[in-house]
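Data first, discussion second: the structure below is written as structure tokens.
Read the figures in this text as sums done on the coordinates, not as results from a lab. Please read all numbers here as calculations on a predicted model, not as lab measurements. Because the Cβ atoms are built from the backbone with ideal geometry, glycine has one as well, and the counts that use them run over all protein chains shown.
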Amino acid sequence: MPLRQFASMADFIVFQCPQTGMNVQTHLEKQPKLERRSFEAFSCPACTRVHFIDLASGQPMKRER
């Protein structure tokens, strides 16, 4: 039976909810900087809204976009 190799702890994204100001831990892993920004939808447990998280910076999308 082959041994499974586990990677070290993943660098999960923690961001500040723009609605509540609470720190929220996600199941999303940070990604290396890409040519274009890559966003992932995340249902926030702090405010129950959906935020789009930049996978490279770990920050939610700004309202200015």
Rough spin-label spacing in nm, given labels placed 7 Å along Cα→Cβ, for D11 and T48: 3.4
Stretch gain in nm, segment Q59-T20, where the contour uses 0.36 nm per residue and the Cα spacing is subtracted: 12.6 nm
